[in-house]
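Worksheet for the structure shown next.
The values are calculated or read from the model by the stated rules, or taken from the named source; none is laboratory data. This structure is a prediction, so every number in the text was calculated from the model and none was measured. Virtual Cβ from ideal backbone geometry, glycine too; neighbours counted across all protein chains shown. Surface areas here come from the heavy atoms of the whole protein model, side chains and all, with no ligands, DNA or RNA. Shrake-Rupley method; radii C 1.70, N 1.55, O 1.52, S 1.80 Å.
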Amino acid sequence: MVKNKKLTEKEFLEERKAVLASWHTGSDSQLNLDEAVKYLKSIPEEKNFAVKLAKAKENKSRTLVQPRAGVPVISKHIELLQYLEKSGADFLPSTIDSYTRQNRYQEAENGIEESEKIGRALLNGFPAVNHGVTGCKKVQESVNVPLQARHGTPDSRLLAEVVHAAGWTSNEGGAISYNVPYAKSVSIEDSIKYWQYCDRLVGYYEEHGVHINREPFGPLTGTLVPPSISNTIGIIEALLAAEQGVKSITVGYGMGGNMVQDVAAVRTLEKQTVEYLKKFGYNDVTVTTVFHQWMGGFPADEAEALGLIAMSSTVGALAGATKMITKTPHESVGIPTKEANGTGIKASKIVTRLLSEQKFPDSPALTAEMQQIEKEVNCLMDAILEVGEGDIAQGVVKAFELGMIDVPFAPSKFNAGLILPARDNEGNIRILEFGKLAFSDEIKEFHHKKIAERAAAENRPVSFQLTIDDIYAVSVGHLVGRPQYND
């Protein structure tokens, strides 16, 4: 059984041999750790993800913005990122292709060759492992802001080795958030081991004077995820990372739609992450937050899509998130052009600038929602720690086996998939069916009551139809899926 215990340097280096031997990229001399440390120390502070985030938090600056983007050919990828930087991106991504996410490097290699041959992208992202340290350095050295790998990989070990050695100072993901929403057959135990390695690599760099950021993926499936579930998973992944020596952690949250609940979720996420880190003795970790703009269905009309982007930006800025992941007005039609991506950045950035001196005011409704989220997170964490006998890694594995923690609409066969969310009458995300989720009767009663109030207001029964209507509501211009909107 996997345990939440820091890998010794000997254990880490021994596992590293197998990781580097898994694909020929691993034989690259630039993956020598001494050389990598030396190169990373040469990266200027303004291009270091962890340093820039820490300064933004300390200075209480506006919410910084970062897009998603990635194409397979290096020259085109550099062109894309340079365009997004000129559009105002404070951080840049390299979204990794699906073959690399599944460690299918030969197919990624074929995709690069075919893309170069026909002059059109045949991969849905940047195959960093195949391009190796040299290719990834070219990308990093071509821009003037920090660079991050964004992907969805249960086993990111070789990818992490390559991108960090190339000077990319952040890697997104975690053992749960990059497994349960993305993979079907990878066990929780295996993905914890894989990500312990990724975090230990970052810990190794920290021990040698290099600051690298780690960012759990907050939105999970991005569809009606109750804040307490996503926040709990973010806290778990922060604890797992901190044990391996990570010192810069950015916990994330995906926009739910109700402004009060979203602000409450971001505030409690940062507050409780810090509290749990200190509870377990991790007192020297810098915690920042990232707000993901609306992850559900987008309006097809570009003007309406920009309206949703502006609303998302307003919520992220007023919540005080350190960083925000932007969307584009082409979300509903496919992979965006660089121009559409740039438009999303500009629209988001003007909002964060205008709101940089403002924060969402305290209110009884905000306080009540924060207290509710905190209560639910504590309930889940207590249950996980109890079944794990104090070990968070063991507790997570057992809690998923028992359905005590459950992510809605996730493909993983290691996720119970028994809970159903739905909105209440104000548009807050609540839980309709609990499955075996480890909530107290008091918490369950609260959710039952809130959903029953909505059903009564709409003169219809409490049923799965509420969930279905809510999933499609925003794409047709509404937050709550009222019956009259479907006529």
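The table that follows gives values for the structure above.
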{"quantity": "Qualifying residue in region 408-421 (condition: under 21 Å from SER230 (Cβ atoms), of a type in the set (D, E, K, R) and touching a Leu at 6+ places or on another chain (Cβ under 9 Å))", "calculated": "no"}
{"quantity": "Matching helices (runs of 4 or more DSSP H) fully within region 284-402 where at least 2 residues are among the basic types (Lys, Arg)", "calculated": "338-354"}
{"quantity": "Residue in region 411-422 that is outside any helix (DSSP H, G or I), open to solvent by 70 Å² or more (accessible area, probe 1.4 Å) and among the hydrophobic types (A, V, I, L, M, F, W, C) present", "calculated": "yes"}
{"quantity": "Residue list for region 90-131, filter: in contact with a strand residue (DSSP E or B) (Cβ under 8 Å, 6 or more places away or on another chain) and hydroxyl-bearing (Ser, Thr, Tyr)", "calculated": "SER94, THR95"}
{"quantity": "Region 301-318, subset in contact (Cβ under 8 Å) with a residue 60 or more places away in the chain and open to solvent by 10 Å² or more (accessible area, probe 1.4 Å), residue nearest to VAL260 (Cα to Cα)", "calculated": "LEU308"}
{"quantity": "Evaluation of ALA393 against (1) small (Gly, Ala, Ser); (2) closer than 16 Å to THR232 by Cβ; (3) without any contact (Cβ under 8 Å) to a residue 12 or more places away in the chain (one fails), failing number", "calculated": "(3)"}
{"quantity": "First in region 265-287 and at negative phi, second anywhere and of a type in the set (Ser, Thr, Tyr), Cβ under 6 Å, 6 or more apart", "calculated": "ALA265/TYR253; VAL266/TYR253; VAL266/THR289; LEU269/TYR253; GLU270/THR289; THR286/SER248; VAL287/THR273"}
{"quantity": "Close pairs (8 angstrom Cβ cut-off, 6 or more residues apart or separate chains): closer than 12 Å to SER156 by Cβ in region 176-194, assigned to a helix (DSSP H, G or I) and of a type in the set (D, E, K, R) anywhere", "calculated": "SER177/GLU237; TYR182/ARG101; TYR194/ARG157"}
{"quantity": "Some residue of region 65-72 being more than 27 Å from ASN124 (Cβ to Cβ), in contact with a Gly (Cβ under 8 Å, 6 or more places away or on another chain), among the hydrophobic types (A, V, I, L, M, F, W, C) and open to solvent by 10 Å² or more (accessible area, probe 1.4 Å)", "calculated": "no"}
{"quantity": "Out of VAL351, VAL377, sole residue that is buried (at least 21 other Cβ atoms within 10 Å of the Cβ), closer than 26 Å to THR467 by Cα and β-branched (Val, Ile, Thr)", "calculated": "VAL377"}
{"quantity": "Candidate set: region 354-371, residues that are under 15 Å from ASN258 (Cα atoms) and polar (S, T, N, Q); chosen: the one nearest to the chain's Cα centre (by Cα)", "calculated": "THR367"}
{"quantity": "Subset of region 322-344 that is in contact with a Gly (Cβ under 9 Å, 6 or more places away or on another chain) and open to solvent by less than 10 Å² (accessible area, probe 1.4 Å) - its residue that is farthest from ARG62 (Cα to Cα)", "calculated": "PRO329"}
{"quantity": "Residue match in region 28-47 (condition: touching a strand residue (DSSP E or B) at 6+ places or on another chain (Cβ under 9 Å) and modelled with pLDDT of 95 or more)", "calculated": "yes"}
{"quantity": "The one condition in (1) touching a helix residue (DSSP H, G or I) at 6+ places or on another chain (Cβ under 8 Å); (2) among the small types (Gly, Ala, Ser); (3) open to solvent by 20 Å² or more (accessible area, probe 1.4 Å); (4) at negative phi that ALA175 fails to fulfil", "calculated": "(3)"}
{"quantity": "Complete set of residues in region 455-479 that are of a type outside the set (Val, Ile, Thr) and not in a helix (DSSP H, G or I)", "calculated": "GLU458, ASN459, ARG460, PRO461, SER463, GLY477, HIS478, LEU479"}
{"quantity": "Residue selected from region 240-254 under the condition more than 12 Å from the chain's Cα centre (by Cα) and not polar (S, T, N, Q), by the criterion surrounded by the most Cβ atoms within 10 Å (Cβ to Cβ)", "calculated": "ALA241"}
{"quantity": "Residue among LEU53, LEU7 that is touching a strand residue (DSSP E or B) at 6+ places or on another chain (Cβ under 7 Å) and either over 15 Å from GLY209 (Cβ atoms) or not in a helix (DSSP H, G or I) (or both)", "calculated": "LEU53"}
{"quantity": "Enumeration of residues in region 338-364 that are more than 17 Å from VAL266 (Cα to Cα) and among the charged types (D, E, K, R)", "calculated": "LYS338, GLU339, LYS346, LYS349, ARG353, GLU357"}
{"quantity": "Condition met for ILE443 (farther than 21 Å from VAL186 by Cβ and in contact (Cβ under 8 Å) with a residue 60 or more places away in the chain)", "calculated": "yes"}
{"quantity": "Residue identified as open to solvent by less than 30 Å² (accessible area, probe 1.4 Å) and touching a helix residue (DSSP H, G or I) at 6+ places or on another chain (Cβ under 8 Å) among VAL290, VAL260, VAL266", "calculated": "VAL266"}
{"quantity": "Qualifying residue in region 101-124 (condition: at pLDDT 95 or above, open to solvent by 10 Å² or more (accessible area, probe 1.4 Å), touching a Lys or Arg at 6+ places or on another chain (Cβ under 7 Å) and of a type outside the set (A, V, I, L, M, F, W, C))", "calculated": "no"}
{"quantity": "Qualifying helices (runs of 4 or more DSSP H) (wholly inside region 62-139; at least 2 residues being under 27 Å from VAL180 (Cβ atoms) and more than 24 Å from the chain's Cα centre (by Cα))", "calculated": "105-118"}
{"quantity": "Single match in GLU189, GLU237 (criterion: touching a Ser or Thr at 6+ places or on another chain (Cβ under 9 Å), of a type outside the set (Gly, Ala, Ser) and either buried (at least 24 other Cβ atoms within 10 Å of the Cβ) or under 18 Å from LYS398 (Cα atoms) (or both))", "calculated": "GLU237"}
